[in-house]
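Reviewing the structure listed below.
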Amino acid sequence: MILLTCSGVGKSFVMHRVLDNVNLTLQQGGRMGLVGTNGSGKSTLFQIIAGNMQPDEGHVAIAKGTRVGLLTQQADIESDLTVVEELSRVFDPLKELEKRLRRLEEEIASSHEDADAFARLSADYDRLLNRFEREGGYEWPSRIQGVLAGLGFSKERQNQPAASLSGGEKTRLCLARILLMQPELLLLDEPTNHLDLASTQWLEDTLKKYRGTVLVISHDRYFLNAVCDCMAELSMTHLSQYEGNYDTFAAQREANLERQMKEYTMQQAEIARQEAIIARYRLINTEKAHKLAHSREMRLSHIERVEKPISEDKVNFSFQARRRTGEDVLIVRGLSKGFEGRTLFANFDLHIRAGERVGVIGPNGIGKTTLISILAKKLQQDAGTVVYGSNVDIGYYDQQQAYLTGEKDVMHELWDDFPRMEPWEVRNLLALFLFTGDEVFKSVSALSGGERGRLALAKLMLRRDNFLILDEPTNHLDMDSREVLENALDDFNGTILTVSHDRYFLNRIVDRIVEMREDGTTEYLGNYDDYLEKKRKIEFGEEEDPLGGRTRTQIDKEKRKERLKKEGRKALEQKNKALEKAIADAEALAAELEARMGDSATWQDAAKGAEVARRHEETLAQIDRLYEEWQETAEALEE
């Protein structure tokens, strides 16, 4: 049964055409994902389907009796009720039904002497009680608790006024409310925004079991793969519909574009051939030749022309490091950070070597962005050490793009950081990131989230750093831009540390997952799917630890030995000599620092004394690492 049909829907805003002859069909019980670039009209189509906006042309038909629930990206909660009280309003009809049952109970108790009244009241009571049970009259309090827990609301937050919640929390509360309402048609606009990985997984499981029909806008490709059984794409004001999940849609779209281009190219070649024949006939000054030319012209004018396939513009860039790092890129020991008496994380350890790609995940509020800011030297830790290896150049992508200057225009935001570039070089590079024409003179403060993200990536690309620290790099990017970013990072010849909720991105980019929790961290080799599989095995007792019975140190040693085996003898000898020199330099520095620590003048300034002691501790740790690497290199030379 068809639940929703859009026929010839069109919509314009002033002179800007957003939707043109949009046709869409959604079966009852279907799970459709709607994708398209930012600004392609997805949210506008949702508003039209929900009845909040009228189309300029065409119409929308929804099966009779269908309740439509719409989740937008703007939360509409301003009440003084608590979170639980706000959600309990969904069940006001059930609560009223319960009051009617209590009144009937009182009437039945007082009608024993009137058999007819007793029978009538008892029948009414049975009917209402059946309805009460059928609609979940006994279950709604537990349903509220289940949804709140699934969407990450702690017990403390549940009893706070809804109006005091952050913008992200209000959006989650709106999602909780619409899920409890259980409309027959559920319209969700970016429902995974503001959700951590655990809540997103819970939402996926909930939607897969949802009894109604779902139409969802999302940039989360992993989510679309898990939930959707059909897809639709809005591009250049038109809509195309596909069967299957996101991966199936992406493959079909690529195949369609290739087929259309092949058909267009073949037809253009045939048209050119026919026009050449016609031109030759025209050169022959006979009546027969002119008739043949006219006949071919008539046939050519009646063929149905294949339009050249066009697609949305895509960003186009790559990352290259200007120099190589040493073997060790980053070593973190005992890192801790807190704010206002609350500890975010403590005793955080991490060791990253050249060429590794590490993803950090964890629930919202655990301190992932704070950790990244410390490692990018934007924030000071409370305790612990952060040591960078030799020749490490840090490239930092801040999800808030706080380092972009709002007063500048796009061109000067880039040019001021790279003044040796010629104006035409700046404009050509910005064009790769879809800033063309007068858009390069647009104020940075007026840019959308996606535009700011593209500008930040342009600056990061030009820096040519060898260690990229990325905080939610796919936020605000459309799907095509995300895929281009992933391709660029795939080809990057440096080292990557990233925090991301984008599981599709993590699957493609990282080879190690670090999971942050309140009670510590755990590392898992592999990408996000590998992490899920190892978690599942641990949960069911099939695997005792995520590192397969080996310690992190053992695995690091094995990986280093494998790399050393691939190096030639001459390279190993050079490395051995370099390590011996590095050890000698480090030991000399340690001796100097020890002397300074023994000098009472050093401690006249407590802060400077503590800094000398910290450097001494780091140097000793560095000496231990250098000796370990020297021993491994020496062993490789003996083999």
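Brief remarks on what is shown
- Ordering of 171-179, 497-505 by burial proxy (mean other Cβ atoms within 10 Å per residue, highest first): 497-505, 171-179
- Note on the range 584-639: dipole from Cβ charges, positive end direction compared against ALA606, LEU620, ALA590; the farthest Cα belongs to ALA606.
- The slack between ALA571 and VAL14, meaning 0.36 nm per residue of separation minus the straight C-alpha distance, is 193.8 nm.
- As a length-normalised measure over Cα pairs under 8 Å and 6 or more apart, the relative contact order of the chain settles at 12 percent.
- The range 485-496 - phi-based ³J(HN,Hα) in whole Hz, Karplus 6.51/-1.76/1.60, Gly and Pro as x: 4, 4, 5, 5, 6, 4, 8, 5, 9, x, 10, 10
- Pair ARG273, LYS155: separation of 7 Å Cα→Cβ label points (nm): 7.9
- Simple Cβ-charge dipole of the range 309-414, Lys/Arg +1 and Asp/Glu -1, about Cα centre, in debye nearest 20: 340
- If R0 equals 41 Å, the separation of the Cβ atoms of ALA578 and ALA601 corresponds to a calculated FRET efficiency of about 0.70.
- With R₀ set to 51 Å, the beta-carbon distance separating ASP438 from ASN52 gives a calculated FRET efficiency near 0.95.
- Couplings 3J(HN,Hα) of the range 421-434, computed from phi: 6, 7, x, 5, 5, 4, 5, 5, 5, 4, 5, 4, 9, 6 Hz, in residue order, whole Hz [Karplus 6.51 cos²θ - 1.76 cosθ + 1.60, θ = phi - 60°; x for Gly and Pro].
- Helical mean residue ellipticity (222 nm; -39500 (n - 2.57) per DSSP H run of 4+; nearest 500) of the chain: -15500 deg cm²/dmol
- Taking each residue as 0.36 nm, the span from LEU379 to ASP247 lengthens on full extension beyond its C-alpha to C-alpha distance by 43.6 nm.
- Taking amide H atoms as placed 1.01 Å from N in the peptide plane, the amide H of ARG512 lies under 5 Å from those of ARG357, GLY359, GLY526, each 5 or more residues away in sequence or on another chain.
- Apportionment of accessible area to carbon and sulfur, the range 328-461, percent (1.4 Å): 49
- Here the simple spin-label model places points 7 Å from the Cα toward Cβ, and for ASP205 and SER7 these points are separated by 4.2 nm.
- Selection from GLN28, VAL83, LEU101 lying farthest towards where the dipole of the range 1-107 points positive, charges on Cβ: GLN28
- The alpha carbon gyration tensor of the chain gives principal lengths a ≥ b ≥ c with a/c of 1.5 or higher and a/b no greater than b/c, which makes the shape oblate.
- Net charge dipole, the range 105-214: roughly 720 debye, given to the nearest 20, about the Cα centre with Cβ charges of +1 for Lys and Arg and -1 for Asp and Glu.
- GluC sites (Glu not before Pro) restricted to DSSP loop in the range 317-418 with at most 14 other C-beta within 10 Å: GLU340, GLU407
- Nonlocal amide H pairs with ASP56, under 5 Å, H built at 1.01 Å: GLY10, LYS11, SER12
- When you filter the trypsin sites (Lys or Arg not before Pro) in the range 317-356 for DSSP loop state and at most 11 other Cβ atoms inside 10 Å of their Cβ, you are left with ARG322, ARG323.
- Separation of the alpha carbons by more than 21 angstrom is noted, of LYS11/LYS42; LYS99/LYS209; LYS42/LYS308; LYS170/LYS377, for LYS99/LYS209; LYS42/LYS308; LYS170/LYS377.
- Nearest-20 debye value, the chain charge dipole, Cβ charges on Lys, Arg, Asp, Glu: 2000
- Here's how it looks for THR82: its modeled amide H is under 5 Å from those of ALA162, which are all 5 or more places away or on a different chain.
- The phi torsions of the range 456-465, fed into the Karplus equation with coefficients 6.51, -1.76 and 1.60 and a -60° offset, translate into couplings of 5, 5, 4, 5, 5, 4, 5, 5, 6, 6 Hz, rounded to whole numbers, with Gly and Pro shown as x.
- Sparse-neighbourhood loop sites, trypsin sites (Lys or Arg not before Pro) in the range 195-253 - DSSP loop, at most 15 other Cβ within 10 angstrom: LYS209, ARG211
- Nitroxide proxy distance, nm - points 7 Å out along Cα→Cβ at LYS537 and MET181: 4.5
- The residues of the chain present an accessible area of 51 Å² per residue when probed at 1.4 Å with all protein chains retained.
- Of all accessible heavy-atom area on the range 167-264, the percent that carbon and sulfur account for (1.4 Å): 49
- Taking 0.36 nm per residue of sequence separation and removing the Cα-Cα distance, the ALA588/ASP116 pair yields an extension gain of 159.4 nm.
The values are calculated or read from the model by the stated rules, or taken from the named source; none is laboratory data. Given the structure is predicted, the values throughout are model-derived calculations rather than measurements. Virtual Cβ from ideal backbone geometry, glycine too; neighbours counted across all protein chains shown. Quick note on the areas: whole protein, heavy atoms, side chains included, nothing else; ligands and nucleic acids left out. Shrake-Rupley method; radii C 1.70, N 1.55, O 1.52, S 1.80 Å.
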